[in-house]
Each structure stands twice: as C-alpha cells, then as structure tokens.
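Asks: One structure, pasted below without further comment.
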Amino acid sequence: MSKVVKAEYTAEAVAGFNARTAIEEAARCLLCHDAPCSKGCPAGTNPAKFIRSIRFRNVRGAAETIRENNILGGTCARVCPYDNLCEEACSRCGIDRPIEIGKLQRYAIEQEEALGMKILSVPAEKKAGKVACVGAGPASLAAAAELAKAGYDVTILEREAKAGGVLTYGIVPSRLPQAVVDADIAKVEELGVKFVFNTTVKAEDLADYDAVFVGIGLWGPNLPGIDGIDLPGVYAAVDYLKAARSGAEGFNAGNRVLVVGGGDVAVDCAVTAKLQGAEDVKIVYRRTIEEAPGNLNEFQYALSLGIGMTTGMAPDSIVGDGKVEAVNFKGFRDEAAKLTLSADTIVFATGQKAEAADFVAVDVTDKKTIVADENGVTSVDNIFSAGDIVNGGKTVVEAVAGGKAAAASIIAYLEKKGVK
Amino acid sequence: MAIKKDLSVTYHGKEFMNPFCLSSSPVGSNYDMVSKCYETGWGGCFYKTVGIFIADECSPRFDQTNKEGLPWLGFKNMEQISDKPTELNFEYMYKLMRDYPDHVTIPTIMGSSEEEWKQLAKMCDELGAPMIEGNFSCPQMTSSAMGSDVGTNPELVKSYCEAVTSVTKIPFIAKMTPNITTMEIPARAALAGGAAGVSTINTIKSITNIDFENMTAMPVVDGKSSISGYSGAAVKPIALRFITNLLQDEVIGKTEVSGIGGIETWRDAAEFLALGCKNVQVTTAIMQYGYRIVEDMISGMSHFMDERGYNKLDEFIGCALGNIVPAEDLNRDFKILPQFSDDKCVGCGRCYVSCYDAAHQAIDWDADKRRPSLNDKCVGCHLCLNVCPVKDCITPGEIVWKEGRQQKEIALKHKYD
C-alpha cells in the first residue's frame, strides 16, 4: 500500500531551510561564470547573486538582491515553475541535481522578515506623474512597485476586496500561504502605493492619470458546451478556487471530485478538493503527461496526496438528476476509449477567458486579450498592459517580468512627455 | 536600495576606501588583473612580489585539501615571486597608481641581499608608492637567501628593514612568516630596523597529500614534490592566533597590522578587524571564486555595521583583542550544562557516541525513544553541542557553580550558527 501524505489546506506543504541547511545547499552551487540560472529567470531575480550571498554568509544581501529585483520574491519562491526555468538551467544538473533555488529564495525572504529588514525605499523627491494600475494581481503589483521606487504617485484599482489576484483568489494556500502573499503586498504598500478595493473601473475614473497600466488577468470561466454543463456541481476553476480561498458561504468542495485539465491550476483544484476533505479526487487530462503544461513537481505532489490522474480522455457529457452524478469521457485521440466516472463535483481547469476591458480603448485580439508588445506598449499612447490579459495566461514570474517591463515603458513615456 | 556604509579606514597614513585588499600573490600580478579587481570593488592591492630574482616555475604547482566532499579547505601553492621582468612590474604598478588614484596599489618586494633590497626600495621610492611591503615569508623560494628562512632570522629581518628604510621614507611593512613559534621576535626586529608595521600570515610550510601513484607529495612534478606554503580557510585560526600575539605585544601593538589568512567572507574579515587589524589581504578565496567575492564582503560588512550601529570600522577595530586572555585568567568557577531539545532532536545519537568515546560518558541513550539525556557526569565541555548536526537542538543550559565558588553574573554565548 502506498503511503500518502496527510496535509492541511492552509499549511505550507514544503518545509523550508534553516541557516545551516541553507548554507549546505548554497555550498552545492557551482558559482558559475555568466550564470545560466540568472539568465533563466524571466523577472531578473538574479539567483546566482543571491545564492552567492548566502554562501558567503551575507543573507541580508541575498534578501536585498531578491526584493530589489522581484517585488513578489516570497510568492515566486513558492510558485515558480523552477524545473522549467532557473533550476533547469542550473549547471549542477550536469553533475547530479540542480540547486534548490526556489527554497533558497524562500529562506532569504524568510530572513528578511525575521531580521526586520526594510529594503526598498522611495526617492525623497517625488515625481509629478500619476499612474493608475487596474487590477491588483502580480503584473500590476510589479509595475506599481517599480513606478513607486522611481518616485511616481501610483494607485491600484481592484474589483475584489483584497489584493493579489490569482495569488489571493486562485493558487491553493498549501502551495502559497496567504501570509506570504500578504507580506509581498505589504512591500508594495510600504512604497506608498495606494489601493482602492471593491471598485469596478470606468473610463472616466482614469481621466486624472497621466498613464494607466492594465493588469486585470483572465477571470472569465471557460466551460465546454457539453450536455449537463449547467448542472449544480459543475465549476470553472477560477470560481471553485476563489470560493475555497475566500471560504464562501455554502461552498462545498465535493466528495467525489473530477478535475479536468493538465496545468498547475488543475492540480490546485484537485489539491484544494483533497485538502478540504474530498474522499476521491481525480485529474482527467485529454493529452499526455509530456504535453501537460503543469509542473511535474506539482503532479507528483498531487500523487503524494493520493490524487489520481487519467490521461487521454476528454469530457463528453455530464449526467445527473438535478445535480452532477457521473461524467462520460471519450478518448481524445483513441477513438475506442470510453470511460464513465461517478462524481458529485466536476471542475474545469481548462483555461480562463478574458473579460472585456471596456474602460480603455485599446486594440484587443479575437479572444479579447489586450494587444501589447513585450514592453507593455499598447495601441494607445498612455495605456500599458502585461500579464495574463496580454499573454493569455502564463506564470506569475512572467507577469512580474511583464509588469516590470511595462513600468520601464511608462517611465520612459512620462519622461518623454515631460511629466517628471 | 542596496545598503551603503562608510567602510573607509586609514592604514599607515593612507586612506583605503574599504579594508579589502589583494595579498601579494598570483591574483594581483599584472595591470589587467589588478584593474579588474579594483573595478569589482577591492580597495587595495599588495602587488605580486617583485624581486631582482626572476622565478623559474614548476608545473603543476597547486594542490588542495578537502574533507567529506568540501573542497579547498586548504590550498598548497608552490609559486614563487613574480616571473615577469622587474621593470615590467614597475610599469604596471605605475599605470595602476595613475589610473586608479583612489585605490591603493602597494608594491611587495623581496631581495636576496642588502643591495637588492636597497635597489628595489629605491625603485619603489621613484615610483612614489604609498607604502612598501617586504616579503620575509614566502616558504617556497628556490634560494635560501630569500623567503621564510629569512623571516625566521631576526638579525636578517632587521638588517634588510634597515637597508630599505635607509633609502626611502615610504612606510615599510614587513610581511611575517607563521613558520615560527614566536612571531613577536622577528616582528620586533623589523620595527627595530625601521619598519612601520607588519602584515601576516604568509603561508604555512606543508605537505597536503601523498600521491600513491608516484609515492611523493602533491602536486607531482616529474615524480617528485616539495614542501610549500599552505593557505585557505584551514589556516584562519592560525592567522588569528599570531595576530592576537602580535597585537597584544606592547611594542608591536602600537603599530598598524594588516591581517592575512583564510579570509573568504565579510565575517572572516570582521574577525581580523575585531582583533585590531586595519585591513585584510586575500588570495586563496579569489583563486577559488574570483574577485567577485568582494561584493558580498562589502555588502555583508555594511549590513553588519548597520545592524550593530557602527558608523566607521574604527568603532569596532580591536574590540575583541582585550577579551582574549591567558588560560590562567579564565573564570573556572562554573560549568554550563547542555540542554537538549527533544522536539528538534532527530535521534541520530552522535552526541551520545562522542560523549562516551571522547568525553565523560555523561549522556544516557534511550534506545526506544532514540533520545539523549544528561546524567550527573557532565563537565560542561559542549562536545555534544559541537557534534550535533541539528541547528539549535543542543544549546547552553543551566549554569552550575563549583562547590564553594562565588556566584556572579557571567557573559554567555546564546546564538550558534
């Protein structure tokens, strides 16, 4: 019998390093010339530098490097797909296994907190420019922090009651504890960024700002048009995770739960269900494991919790009398394959759709995502955008990278316009 | 915004932007190298030792020691003084002084006779060097008229110092060898010969490993090897000991000492400063990791000062020296019992093994629970604390006073890395 892990919904699944184990891990680092790990980080967090600092007994310097380069350093330490980024690039892979970069980043950020460090500051002389960031997710937080560090007056306008976007309303807290998200957001607040919550932005709200950053993410549910899709017990991942995270009244994670999808969000939904007490949880993905966009470590974590995974099957219809009772699947490529699973809950983690950003008149794609270049420049001079609403839904670290790049574009725009 | 602190320090009348210098060695042996080191952040450079003698080097010339997979605990080096023409080295130093006026470039020289020492000192004088270091300590010279054999002979040290200081007013620093019991003797001789101060330690004569393929030491040079200098992290404790002896000497203690030996981090450097060194010199860690290590020295030292509320290095330079006392002056009236955390303990039993086999059989072992407990044989030696692999599992606990001794407030260490 396999021994599965018993975990709690809100308790962090992975234990961190202490001073001794961190330096042991840092001592494994090869201290590469022109380090590939640092080149592998989209947000420019510079792992080679912070690992070197840990190794040379300068953990405060390590925290400084991370926080200065990546305002969401604590969050990224938990949710980055390292095995596709810095850790995949790690030269130590040529010897045995990569340095645990994410865990070292987490350690340094934990020390920042433990040592009461205040790393970031705003210039004494403020700039005249006012910038609005719409949405309080990773891209907006990163853009706002960069702008505030440069001395601009920044206001974040958010539809929900709390900041964080997917960090607060999506990712399962056993992977990303809320306290970590809140600590990162507090760094943005300490830079003097103003937050306005529970507000639906209209075009006229933005009239007073010299520039606007749009980082509204993707929050439209994406459900297939199959029979039974309207039955109670059918959820889109965004709604399911948000209800679980916010402890919505009457929300029941389900007992026999099927999650459809192959990304990290699918794992988050399955883990949420399992840790909220579901007896039987399965992930069903239409393609193969190698084609799955999710992080293999996350699938392994799901497996360790006793969550099953079936590949090659796509949902065909949902059946039930007034509520979900079973789901019929058919082979995605294998025409002979048929499968029926009993379930009381089915969650579709098959991507999110863009909701119309009708408060700005920017060019959008046919999927309603915003057209912007890699520097966040849109079709309108003073409107900038990045993150999921531009890239169609990628990682937190890419949203941070996009937010940083857009902030640089905004600064260049304001300087050119003479709003200094 | 990265923390910035004033790390400047004055050494023999010259201001250094920070106390981190290269020591005279392969790491600072031409213009491009030293230029790069300055750009990376080093405050000064004791340039690779220049002589009239031009070295003829062997190959290979390095070896290193390791323990349980951790390389470079110590490093063996057979390289001698510069193998470049003397004039070329002086040309490089001239250009460095011209192009980097805010950094301190210091020639290190070595003669094999009074005449050579005078000749080299005159060249430094013409160069306008801010100070001169005299190398009395290289243990692998092919000439016995040079190097550490000279450094152990106080008469020779004195006469060569006199030779130098008779031809130049530039402050002269004698670099001392640790291959001696009492370094104060040649150091006093150097001062008596007119030296302004000393720097130490140079490398320690060593055999690092025996190669069984060739039945000789490492490195193997055509089936043979030689004794030569040992450096790196392993020698730091020896360096700190010599420096303590020097700075506690009433004559030498009035001069400014430059500290060398196994420095890799800001913390190592701060230890040398806490004993009273005005600056530090580094080679081996640069050979292993490159000039970039100075970035964390600068940042780490700045954070240390910020945390402790120091505005200048001088506020803590020398503050540990007076607390190192002769063994007979230690308070021996108490013992501090270790305390064991059952929660943190992982049940390895290493404390039990070491206490039984190497200390006082003061730990009892619960085989079922796999946990140690202290019995009344404990003498408070803390071998267990040192061997425990878990952070903060064994910590200093109850203080027990010896029968009839006066109890009073004592200073304790609380935090262990």
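Results for (1) more than 26 Å from the chain's Cα centre (by Cα); (2) modelled with pLDDT under 95, shown as yes or no for each residue.
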position	(1), (2)
B:47	no, no
B:64	no, no
B:70	no, yes
B:115	yes, no
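Asks: Please go through the range B:269-297 and pick out each residue that is facing chain A (nearest Cβ under 9 Å), closer than 19 Å to residue B:6 by Cα and open to solvent by 20 Å² or more (accessible area, probe 1.4 Å).
Replies: B:295
Asks: Search the range A:34-87 for residues being within 14 Å of chain B (Cβ to nearest Cβ) and assigned to a loop (DSSP other than H, G, I, E, B), and hand back the single one that is farthest from residue B:40 (Cα to Cα).
Replies: Within the range A:34-87, the match that is farthest from residue B:40 (Cα to Cα) is A:71.
Asks: Follow-up. Among (1) open to solvent by 10 Å² or more (accessible area, probe 1.4 Å); (2) over 16 Å from residue B:145 (Cα atoms), which single condition is residue B:160 missing?
Replies: Against the list (1) open to solvent by 10 Å² or more (accessible area, probe 1.4 Å); (2) over 16 Å from residue B:145 (Cα atoms), residue B:160 comes up short only on (2).
Asks: So, of the residues in the range A:327-353 that are assigned to a strand (DSSP E or B) and open to solvent by 40 Å² or more (accessible area, probe 1.4 Å), which turns out to be farthest from residue A:265 (Cα to Cα)? First the steps, then the outcome.
Replies: Going through the range A:327-353, the residues assigned to a strand (DSSP E or B) turn out to be A:327-331, A:338-342, A:345-348, A:353.
Filter again for open to solvent by 40 Å² or more (accessible area, probe 1.4 Å), leaving A:328, A:330, A:338-340, A:342, A:353.
Values: A:328: 22, A:330: 22, A:338: 25, A:339: 23, A:340: 23, A:342: 22, A:353: 14 Å.
Looking at residues that are assigned to a strand (DSSP E or B) and open to solvent by 40 Å² or more (accessible area, probe 1.4 Å), I get A:338.
Asks: Related question: Exactly one of (1) open to solvent by 20 Å² or more (accessible area, probe 1.4 Å); (2) under 20 Å from residue B:71 (Cα atoms); (3) more than 8 Å from chain A (Cβ to nearest Cβ) is unmet by residue B:264. Its number?
Replies: Unmet for residue B:264, out of (1) open to solvent by 20 Å² or more (accessible area, probe 1.4 Å); (2) under 20 Å from residue B:71 (Cα atoms); (3) more than 8 Å from chain A (Cβ to nearest Cβ): (3).
Asks: How many of the residues in the range A:111-124 are among the acidic types (Asp, Glu) and either surrounded by 24 or more Cβ atoms within 10 Å (Cβ to Cβ) or within 14 Å of chain B (Cβ to nearest Cβ) (or both)?
Replies: Number satisfying all stated conditions: 1.
Asks: Within the range B:82-121, count every residue that is within 22 Å of residue B:189 (Cα to Cα), in contact with a helix residue (DSSP H, G or I) (Cβ under 7 Å, 6 or more places away or on another chain) and either outside the structural domain of residue B:22 (by TED's automatic domain parsing) or surrounded by fewer than 17 Cβ atoms within 10 Å (Cβ to Cβ) (or both).
Replies: Final tally of qualifying residues: 1.
Rundown of residues vs (1) under 15 Å from residue B:195 (Cα atoms); (2) assigned to a helix (DSSP H, G or I); (3) more than 27 Å from the chain's Cα centre (by Cα), yes/no style:
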| position | (1), (2), (3) |
| --- | --- |
| B:122 | no, yes, yes |
| B:126 | no, yes, yes |
| B:139 | no, no, no |
| B:145 | no, no, no |
| B:150 | no, yes, no |
| B:160 | yes, yes, no |
| B:164 | yes, yes, no |
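Asks: Between a residue in the range B:391-413 that is at negative phi and any residue that is among the basic types (Lys, Arg) and exposed (fewer than 11 other Cβ atoms within 10 Å of the Cβ), which pairs come within a Cβ distance under 8 Å, given they are 6 or more apart or on different chains?
Replies: Every condition considered, the pairs that remain are B:396/B:413; B:402/B:332.
Asks: Still on this structure, I have one more. Please enumerate the residues belonging to the range B:260-282 that are within 10 Å of the chain's Cα centre (by Cα) and not aliphatic (A, V, I, L, M). Quick ask: steps written out before the conclusion?
Replies: Step one: list which residues in the range B:260-282 are within 10 Å of the chain's Cα centre (by Cα), which gives B:260-264, B:268-269, B:271-272, B:280-282.
The answer is B:261, B:262, B:264, B:268, B:271, B:272, B:281.
Asks: Also: Filter the range A:6-28 down to residues that are open to solvent by less than 70 Å² (accessible area, probe 1.4 Å), in contact with a Leu (Cβ under 7 Å, 6 or more places away or on another chain) and either acidic (Asp, Glu) or away from every other protein chain (no Cβ under 14 Å) (or both), then give me how many there are.
Replies: 3
Asks: Of the conditions (1) among the polar types (S, T, N, Q); (2) touching a residue at least 24 places away in the same chain (Cβ under 8 Å); (3) in contact with a strand residue (DSSP E or B) (Cβ under 6 Å, 6 or more places away or on another chain), residue B:245 fails just one. Which one is it?
Replies: (3) is the only condition that residue B:245 fails.
Asks: Right, another one. What is the one condition in (1) open to solvent by less than 80 Å² (accessible area, probe 1.4 Å); (2) outside any loop (DSSP other than H, G, I, E, B); (3) closer than 30 Å to residue B:16 by Cβ that residue B:317 does not satisfy?
Replies: All conditions pass for residue B:317, except number (2).
The values are calculated or read from the model by the stated rules, or taken from the named source; none is laboratory data. Since the structure is predicted, the reported quantities are computational estimates derived from the model, not experimental observations. Here the Cβ is made from the backbone with ideal geometry for all residues, glycine too, and neighbour counts use every protein chain on show. With ligands, DNA and RNA removed, areas are computed over all heavy atoms of the protein, side chains included. Shrake-Rupley method; radii C 1.70, N 1.55, O 1.52, S 1.80 Å.
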